[in-house]
Amino acid sequence: MKTPDYFFHLDEDFYFRPLRLSDLNGRWPEWFNDPDVTKYTKGFYPNNYETQKKYYDYLIESRTDVVLAIINRADGLHIGNIGLHQIDNIHRTAMLGIVIGEKSAWGRGIGAKSWRAMTRYGFKVLNLHKICVTALENNEKSLRCALGAGYEVEGRQIKQVFKDGQYLDLIHLGLLRENWKE
């Protein structure tokens with residue numbers, strides 16, 4: 001598969017590119033109806049093309065969100081999204097978010113590499129001072145990705161999220177630019 005000329009990050013297995021309207025015709029809207037994909041999210045509502053289109057339209061106009069498609073290089077499949085949200089240009093902060101929606105891409109290290117690449121983009125390109133993220137206490141993969149990328153636990157909201165019949169802690173992590181190791 002030929003890699004497009006316009007991308008934000010290039011890896012031997014994947015690359016980032018801007019979201020496209022045509023991505024809505026793929027499996028992107030379906031990811032958020034899959035209990036395995038949403039196991040560690042706070043989302044509870046069914047998703048469809050129209051709902052995802054509204055979110056896409058919001059993102060295209062947003063000046064406080066940068067969300068990029070994660071594309072598998074071998075076949076050009078849109079396998080996930082990664083973004084910086086709630087970008088605050090005064091305080092130079094943002095919240096990182098990622099979803100790998102295609103299960104065929106799980107367990108290949110794409111999430112961890114994407115996490116580090118988006119962190120680099122936030123610090124080097126957007127000139128952020130701090131990037132934050134939240135993860136449910138049972139989301140071991142996200143916690144490993146965050147800690148592996150240099151993020152530190154800053155706090156915990158006890159029994160903050162109700163998921164699968166139980167209340168779970170929400171863990172807050174952050175990384176200051178001055179503590180970031182590229």
task: List every residue pair whose Cβ atoms lie under 6 Å apart, where the two residues are 6 or more positions apart in sequence or sit on different chains, the first residue falls within the stretch 56-67 and is under 12 Å from residue 96 (Cα atoms) and in contact (Cβ under 8 Å) with a residue 24 or more places away in the chain, and the second residue, located anywhere, is among the small types (Gly, Ala, Ser) and in a strand (DSSP E or B).
output: 66/83; 67/83
task: Would you be able to say whether some residue in the stretch 131-144 is among the acidic types (Asp, Glu) and in contact (Cβ under 8 Å) with a residue 24 or more places away in the chain?
output: yes
query: Of the conditions (1) closer than 18 Å to residue 65 by Cβ; (2) part of a loop (DSSP other than H, G, I, E, B); (3) in contact with a strand residue (DSSP E or B) (Cβ under 7 Å, 6 or more places away or on another chain); (4) not hydroxyl-bearing (Ser, Thr, Tyr), residue 122 fails just one. Which one is it?
result: (2)
- prompt: Restricting the search to the stretch 125-153, which residues are outside any helix (DSSP H, G or I), within 17 Å of residue 85 (Cβ to Cβ) and not aliphatic (A, V, I, L, M)?
  reply: 127, 129, 130, 132, 134, 151
task: Look at the stretch 152-182 and say how many of its residues are free of Cβ contacts under 8 Å to residues at least 60 places away in the same chain and more than 19 Å from residue 42 (Cβ to Cβ).
output: 7
query: Mind checking whether some residue in the stretch 76-85 is of a type outside the set (A, V, I, L, M) and free of Cβ contacts under 8 Å to residues at least 12 places away in the same chain?
result: no
statement: If we take the stretch 1-93, then strands (runs of 3 or more DSSP E) inside it with 2 or more residues that are in contact with a Gly (Cβ under 9 Å, 6 or more places away or on another chain) and among the β-branched types (Val, Ile, Thr) are 66-72, 78-88
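Rule-based calculations on the coordinates, nothing more; no lab input. Predicted, not measured: the structure shown is a model, and the values here were computed from it. As a convention, Cβ positions derive from the backbone with ideal geometry for all residues, glycine included, and neighbour counts pool all protein chains shown.
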